[in-house]
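Structure first, commentary second.
The values are calculated or read from the model by the stated rules, or taken from the named source; none is laboratory data. These figures come from a predicted structure and were not determined experimentally. Note that each Cβ is placed from the backbone with ideal geometry, even for glycine, and that neighbours are counted across all protein chains shown.
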Amino acid sequence: MSTHLLVIEGAYKRFGGVQALDGASLTVDRGEIVGLLGENGAGKSTLVKTLAGLHSLDEGTIDLEGQTFQQGSPRSARDQGIAIIYQEPSLFPDLTLAENVYVGQQPKSGGRVDWAAMATRTAELFADLGIDLDPRRQARGLSIADQQMVEIVKALSVEARIIIMDEPSAALSAAEVERLLEVARRLRDQGRGVIYISHRLDEVFEVCDSVTIMRDGATVASAKVADIDNAQIVRWMVGREITDMFPKVPAEIGEVVLEVAGLSSRGEFTDISFTVRAGEIVALAGLVGSGRSEVVRTIFGIDSFDGGSIVLEGKTLQSHTPAKAMAAGIALVPEDRRLQGLFMPSSIAHNTAITVLGRLRRGLLLRTSSERKVAEDWAERLQLKYAGIDDPVERLSGGNQQKVVLSKWLATDPKLLIVDEPTRGIDVGTKAEVHRLLSEQAAKGTAVLMVSSDLPEVLGMADRILVMREGRLVAEIPRSEATQERVMTAAAGAAA
């Protein structure tokens, strides 16, 4: 009997002028974790959405345990044993965990919902995966990591044969990631097939049995993890050698652009003081929840502060708001590009030019030709992959969406550029491009303040590293003295 759970062959899918899938293939065996890898825009999401029943292929075949997979219906996909765990879970917050697991399929006794049986079955599924959660508690207030655990158990409740994890670790701490990987291993040991999509290659090597690499809609390689290394995967993904992931352009460090003194916000952070100079990249490092994002949101005027001062080029920013921050020359690339950085249904052109509409207007009228020109110029500079400049930005891959957010703020020619997790959820090739852009911007004399949880990124790009812990600034480390151990020791408060 064949060990193949899932076989996709010759998959083609076109959206307008974009060839999203170009002969892609994928095989998943029983009791196997397959890493599905590729740059943003490589076709991974389209392939997964086909399995989820959201798309139907133009050409190609999908077989599930020797049977033809019925495409085009999310309910049918679920009934056939396909489940997807997304990066951002979608539980009902006011329902219990048991109710979330069995929503739409509640066990009944005598024509009524059997609440006790529902809780008991959920508890058994939690126990099978080593998850310590109370089935009777509400979903409201659960961490992202625990919400994902509930989503996995929901998949098991419908006896899913293939479980797809789409960037599941993007918003998790190191301890939460380890728990997630352990659950993935337990699913494999139960004989299920797991498709693990991630840009974090260390996780891929830790948990996956094999990898399938996609590029430009096609499958370019499949291999056992034991037979390859990191460099080989990167070459397959980007189609070239990336010789320098952190291209640091020499920059002349100039005068102080930003001076933060004694900045405090009750319940968020206390007595934060630092400077950022022209041409300098300063990184704010620390564990999730240390207060880094709250500090940069305050500097940009999104959040208020109780004490201290923010001074830009010698001028104190009073009654601070985002509009005043922009007028002063501050730009913020936020952590969540979809919710905070872009108008998803709007065009690429409008999203790119929205920060400079004032200079594109003629009287009360907006020159759309000027809007397009600005967007096309930045699209060329940032090597944006798109079909049409008037297409909705939601059609772009995650990496290309991030480039649009960057271009929208670089178009303002900022004095201070703040970037919060600038490469989260994007592939290695695009990461190198983003790093190059940041370095070039600093070389032009821009002061750059970067929040990042990616330690190699912090060490590779920053001239100085400021480490936060529990809302306080606990260390300042120059580039020449920075190591992963030193940064993590300061961030965790552990003895050296």
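Can you tell me which residue among Asp128, Asp63, Asp146, Asp166 is loosely packed, with under 15 Cβ neighbours inside 10 Å and either in contact with a strand residue (DSSP E or B) (Cβ under 8 Å, 6 or more places away or on another chain) or not hydroxyl-bearing (Ser, Thr, Tyr) (or both)?
Working: Asp63 fails: loosely packed, with under 15 Cβ neighbours inside 10 Å; Asp146 fails: loosely packed, with under 15 Cβ neighbours inside 10 Å; Asp166 fails: loosely packed, with under 15 Cβ neighbours inside 10 Å.
Only one candidate qualifies: Asp128.
Return yes or no: is Val451 within 30 Å of Asp166 (Cβ to Cβ), in contact with a helix residue (DSSP H, G or I) (Cβ under 6 Å, 6 or more places away or on another chain) and modelled with pLDDT of 90 or more?
So Val451 fits the description; yes.
Being in the same structural domain as Tyr196 (by TED's automatic domain parsing) and surrounded by 21 or more Cβ atoms within 10 Å (Cβ to Cβ): is that true of Glu9 here? Quick ask: steps written out before the conclusion?
On the way: in the same structural domain as Tyr196 (by TED's automatic domain parsing): yes; surrounded by 21 or more Cβ atoms within 10 Å (Cβ to Cβ): no.
Answer is no for this residue.
Just to confirm my filter: which helices (runs of 4 or more DSSP H) fall fully inside segment 143-220 and include at least 1 residues that are farther than 30 Å from Ala285 by Cβ and not polar (S, T, N, Q)? Working first, answer last.
On the way: elements: 144-157, 174-189, 201-207.
Filter on segment 143-220 gives 144-157, 174-189.
Sort out which residues of segment 45-60 are over 13 Å from Ile82 (Cα atoms), among the hydroxyl-bearing types (Ser, Thr, Tyr) and in contact with a Leu (Cβ under 8 Å, 6 or more places away or on another chain), and write them in order of number.
Thr46
What single numbered condition from (1) over 22 Å from Glu39 (Cα atoms); (2) within 23 Å of the chain's Cα centre (by Cα) fails to hold for Asp377?
Only one criterion in (1) over 22 Å from Glu39 (Cα atoms); (2) within 23 Å of the chain's Cα centre (by Cα) is unmet by Asp377, namely (2).
Being farther than 26 Å from Val288 by Cα, of a type in the set (Val, Ile, Thr), at pLDDT 85 or above and crowded, with 22+ Cβ neighbours inside 10 Å narrows it down to one of Val393, Val405, Val419, so name that one. Spell out the reasoning first.
Values: Val405 fails: farther than 26 Å from Val288 by Cα; Val419 fails: farther than 26 Å from Val288 by Cα.
Just a single option satisfies the conditions, and that option is Val393.
Considering only residues of segment 173-186 that are in contact (Cβ under 8 Å) with a residue 60 or more places away in the chain and not polar (S, T, N, Q), which is surrounded by the fewest Cβ atoms within 10 Å (Cβ to Cβ)? Spell out the reasoning first.
First pass over segment 173-186, keeping only residues in contact (Cβ under 8 Å) with a residue 60 or more places away in the chain: 173, 184-185.
Subset that is not polar (S, T, N, Q): 184-185.
Numbers: Ala184: 24, Arg185: 14.
If we take residues in segment 173-186 being in contact (Cβ under 8 Å) with a residue 60 or more places away in the chain and not polar (S, T, N, Q), then Arg185 is surrounded by the fewest Cβ atoms within 10 Å (Cβ to Cβ).
Only residues that are over 23 Å from Gly38 (Cα atoms) and part of a helix (DSSP H, G or I): list them for segment 380-391, please.
Passing the criteria: none in range.
Restricting the search to segment 55-88, which residues are touching a Gly at 6+ places or on another chain (Cβ under 8 Å) and among the aliphatic types (A, V, I, L, M)?
Correct list: Leu64, Ala77, Ile82.
Are there strands (runs of 3 or more DSSP E) fully within segment 1-67 with at least 2 residues that are farther than 24 Å from Val225 by Cα, without any contact (Cβ under 8 Å) to a residue 12 or more places away in the chain and in contact with a Ser or Thr (Cβ under 7 Å, 6 or more places away or on another chain)? List them.
Values: elements: 4-15, 18-29, 32-38, 59-64.
Passing ranges: none, list empty.
Got at least one residue in segment 436-453 being polar (S, T, N, Q), under 16 Å from the mean Cα position of the chain (by Cα) and not assigned by TED's automatic domain parsing to the domain that holds Ser45?
yes
Looking at segment 193-210 only, could you name the residues that are of a type in the set (A, V, I, L, M) and farther than 21 Å from Asp454 by Cα?
Passing the criteria: Val194, Ile195.
Restricting attention to segment 201-248, and to residues there that are basic (Lys, Arg) and within 26 Å of Tyr386 (Cβ to Cβ), which single residue is modelled with the highest pLDDT? Talk me through it step by step, then tell me what you get.
Let us first name the residues in segment 201-248 that are basic (Lys, Arg), namely 215, 224, 235, 240, 248.
From what's left, within 26 Å of Tyr386 (Cβ to Cβ): 215, 235, 240.
Working: Arg215: 88, Arg235: 84, Arg240: 61.
This residue is Arg215.
Residues of segment 367-404 being under 15 Å from Phe343 (Cβ atoms) and without any contact (Cβ under 8 Å) to a residue 40 or more places away in the chain, which ones?
Glu371, Ala375
Looking at segment 69-122, which of the residues that are of a type in the set (Gly, Ala, Ser) and assigned to a loop (DSSP other than H, G, I, E, B) is nearest to Lys13 (Cα to Cα)?
At the first step, the residues of segment 69-122 found to be of a type in the set (Gly, Ala, Ser) are 72-73, 76-77, 81, 83, 90, 98, 104, 109-111, 116-117, 119.
So of that shortlist, the ones also assigned to a loop (DSSP other than H, G, I, E, B) come out as 72-73, 81, 90, 104, 110-111.
Details: Gly72: 13, Ser73: 16, Gly81: 23, Ser90: 27, Gly104: 32, Gly110: 47, Gly111: 45 Å.
Among them, the one singled out is Gly72.
Name the residues in segment 307-336 that are part of a loop (DSSP other than H, G, I, E, B), charged (D, E, K, R) and in contact with a Leu (Cβ under 9 Å, 6 or more places away or on another chain), would you?
Taking segment 307-336 as the starting set, the residues that turn out to be part of a loop (DSSP other than H, G, I, E, B) are 313-314, 317-321, 329, 334-336.
So of that shortlist, the ones also charged (D, E, K, R) come out as 313, 335-336.
Within segment 307-336, Glu313 is the sole residue that qualifies.
Are there strands (runs of 3 or more DSSP E) fully within segment 228-300 with at least 3 residues that are in contact with a Cys (Cβ under 8 Å, 6 or more places away or on another chain)? List them. Before you say what the answer is, go through the steps one by one.
Working: elements: 256-265, 269-277, 281-286.
Per the criteria, no element qualifies.
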